[in-house]
Amino acid sequence: MVGGFNHNFNYKGHMYHVQTEDSGLPRAHVTTLLYRGGSILAREVKDYRDLCGALDLAAQVEHMMKNQHRMMLKNLKDGVFDARIAQLDGGEAHQAEERGHTGTISVAASVPASADETVAHAEPAWRKGKLDNMVRTYLDAGR
């Protein structure tokens with residue numbers, strides 16, 4: 001089976017990340033997430049338990065993953081998430097005002113002020129391969 005798909009997509013001056021994964025059996029669902037910075041903007045989960053008996057299960061799940069991943073990218077490009085993005089941008093503007101008045105940030109430190117700061121100043125762990133290493137270490141510890 002395919003482990004997953006990851007793509008970065010620049011849209012309206014911000015970097016977005018789309019990630020699609022297969023949970024495998026027995027869970028049998030495909031999850032696609034759309035991120036900007038540390039925030040999840042959209043999530044889609046599709047169950048495929050009805051396909052579990054299929055001889056070509058791997059091919060069908062891979063096809064489902066590709067379609068779901070492409071659709072998330074297409075929806076971003078077509079502006080489907082623009083209202084949610086505007087909410088996020090409004091929150092960032094409010095945070096900037098708070099920083100100007102108090103010198104502190106009232107949000108979690110893991111959420112950057114913008115996705116551009118994440119890309120420009122600190123390369124995400126998934127891009128360095130560290131997340132894969134953490135997952136492998138975690139899974140190996142359970143053996």
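Here the label points at K12 and Q87, each 7 Å from Cα along the C-beta direction, are separated by 1.4 nm in the simple model.
Treating r as the C-beta distance of D78 and C52 and R0 as 35 Å, the FRET efficiency rounds to 0.60.
On full extension, the segment bounded by K66 and E44 gains 6.6 nm, given 0.36 nm per residue less the C-alpha separation. Computed from Cα atoms alone, the Kirkwood hydrodynamic radius reported for the range 11-88 is 13.5 Å.
All of the numbers you see were taken from the coordinates with simple rules; none came from a lab. Nothing here was measured: the structure is a model prediction, and the numbers come from that model. Ideal geometry is used to build each Cβ from the backbone, glycine not excepted, and the neighbour counts take in all protein chains shown.
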